[in-house]
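The values are calculated or read from the model by the stated rules, or taken from the named source; none is laboratory data. Everything numeric in this text was worked out from a predicted model, so none of it was measured. Cβ placement follows ideal geometry from the backbone for every residue including glycine, while neighbour counts extend to all protein chains displayed.
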Amino acid sequence: MQQLVAKAGELVIATDADREGEMIAREIIDLCGYRGPIQRLWLSALNDASIRKALGALKPSAETLPLYFSALARSRADWLIGMNLSRLFTLLGRQAGYTGVLSVGRVQTPTLKLVVDRDREIARFVSVPYWTVDVLLVHAGQSFTARWMPSEGSTDAADRCLQQPVAQQAADRLRAVRDAQVVSVETERVREAPPLPFDLGTLQEVCSRQIGLEVQETLDIAQALYETHKATTYPRSDSGYLPESMLAEVPAVLDALLATDPSLRPLIGQLDCNQRSRAWNDGKVTAHHGIIPTLEPANLSAMHAKELAVYRLIRAHYLAQFLPHHEFDRTVVQLACGGQSLVAVGKHIAVIGWRQVLATPEPEAADGVEAQRSQVLPPLASGLRCGVEQVELEALKTLPSKPYTQGELVKAMKGVAKLVDDPRLKQKLKETTGIGTEATRASTITGLLDRGYLLRKGRAIRASDAAFTLIDAVPAAIADPGMTAIWEQALDMIEAGQMTLDTFIAKQSAWVAQLVQEHRAATLSIPLPPSPPCPQCGTQMHQRAGRNGALVHYAHLKDRNLPKSAQLHTADGSCLWLHEMGFPQSHVLPQNALDLQYRGCALLHAVPRNNDFLGLCVGKVGAAVRHKTVIGINESHFGVSLCHDRVIVHLG
């Protein structure tokens, strides 16, 4: 690329039409040292007509340069927060005996707080008992279910009966009568538009719920469908909308789908290619449009099962745009029975529409409400009587929110605006689609899992003890999603030329320095895994990860008086003893030095100087010895620490 740029007399930036795309191009240009004229290609649709139109309307370089400064400001400020606060809290964690890294970031920390808050909500939840009464009725030979409606004074805000005697009395009265009378019948026609084509976040959410995929796995599959199979368009999109110019390509896309899968012929025959759904909207297309099938036929046999499942979801959302609305009649029936009020809700599908390619599973409810709402009612009218076949009193309990799955966490990151009270910040988060981006949310969640902040529990993810400690300790502003909105407002000012990059970074630097100063004396309390006491002195030892397995060691070598002897502990229980100035004769050399050989694979040679073991060297048996004069070396299989006049050896 440097060679090509060196030959160029003019450059056209054609990266993504957004802040990050601008930064990628500008940094490459800066690296190559190019100083010639630059123009900017600005487009989001990659069909021929859109590309030709954009090429005929190139923007001057200066018009989009502020986008680069905005992206650079975001990148540098993220680095300032991550580098300084991660180091601060990692060191505070070390003082508490935690040997892992306590990473802090503008996006990852609010994301972690979402899970911590949900887990605490679940832990604090107190289940409340309530009672329902369902009545099985029959009319014209068709059975249906109605639910008893308790009177005011015995219910909570969700109209659940909290008093068992009241529910029992109602059930007894309902059982004592033979029929119920219809009081009113109300029916409304409901029209549901098809869902939009997928953006990446929605695809990850749906694949997590329906297929059980992790968010990174979904991204990897979507990338493979795009790069390897050429079956779908660019996956890292934050918009489910499509450019209006791509309407002209619909017949070609449908032809490619039919060539890919001939079994689609009956369905494609029902499509209306001239139908324009809400998905076609230039005003809502961002740097990328929704994920849809490409113009080229794909080879389904080359896809593995998960790839095929994701491809079919993407394909179904595209085909749904050319099918009629899903229409159904929702009927609500009020009944009177034994002095009690009953309500029955029914659903009758009038037009299947797009549901024939995209059947959405109905959400489950613990008390069977959803099942009742989807039942088919017989023809009913006011004044009709229905026979009572069965009355069922059921004792239930309120349930806490469910733990996040990875897909639901992505959804929460996108919809985090609802957790912010300030109306201006709330609106900004809505405009920027929450915290993180489509390209980074998967890596953010994966990073939290890899660092041990989040733990997998089946499909759910839960917060670890370290996560709870960190969220309680970090500055509240860092864990607040509103901080992203404040940043976005400042970045908008940079794009508009109302604030300079240097001013923004100076303010961020001062703020981060203030946070470090305020929290440098904090004390963390992190539950640590159990480890055995030292058999010599009884002091509790700490476990850490070594190069060849787990090992334990003294927690604070510099802050304690070690016993006359210290022990090298290994995961399998084997050990070596070091005695102060009185080593076993087999290990004492004429030069008053110490040699240790462990399993014949490593040699430690420690020479006393001025009553301290300062001359250290580590090497393979039979190999040349490399001399060291530092404390705390970590080579081969040993790590060495010095405390007072004793050498402490750790196998790692």
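Among the candidates Tyr98, Tyr68, single out the residue that is hydroxyl-bearing (Ser, Thr, Tyr) and closer than 18 Å to Ile24 by Cβ. Walk me through it before giving the result.
Details: Tyr98 fails: closer than 18 Å to Ile24 by Cβ.
After applying the criteria, what remains is Tyr68.
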Exercise for review: Starting from residues that are touching a Leu at 6+ places or on another chain (Cβ under 6 Å) and outside any helix (DSSP H, G or I), keep the ones in the range 421-453 and report whichever is surrounded by the most Cβ atoms within 10 Å (Cβ to Cβ).
Suggested key: Tyr453
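Can you name the residue in the range 272-308 that is part of a helix (DSSP H, G or I) and out of contact with any Ser or Thr (no Cβ under 7 Å at 6 or more places or on another chain) and, of all such residues, is surrounded by the most Cβ atoms within 10 Å (Cβ to Cβ)?
Glu307
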Revision key, fill the gap. Of Leu72, Leu88, the only residue that is hydrophobic (A, V, I, L, M, F, W, C), closer than 29 Å to Ile494 by Cα and in contact (Cβ under 8 Å) with a residue 60 or more places away in the chain is Leu72
Review point. Which pairs have Cβ atoms under 6 Å, sit 6 or more apart or on different chains, and link a residue in the range 163-176 that is at positive phi to one that is part of a helix (DSSP H, G or I)?
Key: none
Practice item. Assess whether Arg462 counts as being without any contact (Cβ under 8 Å) to a residue 24 or more places away in the chain and either in a strand (DSSP E or B) or buried (at least 17 other Cβ atoms within 10 Å of the Cβ) (or both). Key: no
Review point. Looking at Glu370, is it among the acidic types (Asp, Glu) and within 22 Å of Gln204 (Cβ to Cβ)?
Key: no
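So that you can scan it fast, the table gives a plain yes or no per residue for (1) in contact with a helix residue (DSSP H, G or I) (Cβ under 6 Å, 6 or more places away or on another chain); (2) at pLDDT 95 or above:
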residue	(1), (2)
Leu58	no, no
Ser75	no, no
Arg120	no, yes
Phe125	no, yes
Val133	yes, yes
Val138	no, yes
Glu152	no, no
Study note, to complete from the structure: Residue pairs within 6 Å by beta carbon, gap of at least six or interchain, first lying in the range 504-526 and in contact (Cβ under 8 Å) with a residue 40 or more places away in the chain, second among the acidic types (Asp, Glu) and surrounded by 15 or more Cβ atoms within 10 Å (Cβ to Cβ), listed first then second, are none
Practice item. Would you check if there is a residue in the range 119-140 being surrounded by 14 or more Cβ atoms within 10 Å (Cβ to Cβ), within 30 Å of Leu162 (Cα to Cα), in contact with a Leu (Cβ under 6 Å, 6 or more places away or on another chain) and among the hydroxyl-bearing types (Ser, Thr, Tyr)? Key: yes
**Study point:** Odd one out for Glu394 among (1) at pLDDT 95 or above; (2) surrounded by fewer than 19 Cβ atoms within 10 Å (Cβ to Cβ); (3) in contact with a helix residue (DSSP H, G or I) (Cβ under 7 Å, 6 or more places away or on another chain); (4) not hydrophobic (A, V, I, L, M, F, W, C)
**Key:** (3)
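Every residue, every condition in (1) hydrophobic (A, V, I, L, M, F, W, C); (2) part of a helix (DSSP H, G or I); (3) buried (at least 18 other Cβ atoms within 10 Å of the Cβ); (4) in contact with a His (Cβ under 8 Å, 6 or more places away or on another chain), yes or no:
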| position | (1), (2), (3), (4) |
| --- | --- |
| Leu203 | yes, yes, yes, no |
| Val206 | yes, yes, yes, no |
| Leu213 | yes, no, yes, no |
| Glu217 | no, yes, yes, no |
| Asp220 | no, yes, no, no |
| Gln223 | no, yes, no, no |
| Pro235 | no, no, yes, no |
| Ala252 | yes, yes, no, no |
Review point. Only one residue in Ala49, Ala45 is in a loop (DSSP other than H, G, I, E, B), at pLDDT below 90 and of a type in the set (A, V, I, L, M). Which one?
Key: Ala45
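Quick grid of which residues meet (1) touching a strand residue (DSSP E or B) at 6+ places or on another chain (Cβ under 8 Å); (2) buried (at least 16 other Cβ atoms within 10 Å of the Cβ):
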{"position": "Leu4", "(1), (2)": "no, no"}
{"position": "Glu10", "(1), (2)": "yes, no"}
{"position": "Glu22", "(1), (2)": "yes, yes"}
{"position": "Leu31", "(1), (2)": "no, no"}
{"position": "Gly56", "(1), (2)": "no, no"}
{"position": "Ser70", "(1), (2)": "no, yes"}
{"position": "Asn84", "(1), (2)": "no, yes"}
{"position": "Gln108", "(1), (2)": "no, yes"}
{"position": "Val116", "(1), (2)": "yes, yes"}
Practice item. Six or more apart or on different chains, Cβ under 9 Å: which pairs go from a residue in the range 26-43 that's within 21 Å of Ala73 (Cβ to Cβ) to one that's among the acidic types (Asp, Glu) and crowded, with 16+ Cβ neighbours inside 10 Å? Could you list them? Key: Arg40/Glu22
Point to revise | Matching option when the condition is out of contact with any Gly (no Cβ under 8 Å at 6 or more places or on another chain) and either within 23 Å of Val343 (Cα to Cα) or not basic (Lys, Arg) (or both), among Leu196, Leu203 | key: Leu203
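Has the range 264-271 got at least one residue that is part of a helix (DSSP H, G or I) and among the small types (Gly, Ala, Ser)? Step through it out loud before you land on a result.
Step one: of the range 264-271, the residues part of a helix (DSSP H, G or I) are 264-268.
Subset that is among the small types (Gly, Ala, Ser): none.
Checking the range 264-271: not a single residue is part of a helix (DSSP H, G or I) and among the small types (Gly, Ala, Ser).
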Exercise for review: Name every residue in the range 237-250 that is touching a Phe, Trp or Tyr at 6+ places or on another chain (Cβ under 7 Å), more than 21 Å from Lys411 (Cα to Cα) and assigned to a loop (DSSP other than H, G, I, E, B), in order of residue number.
Suggested key: none
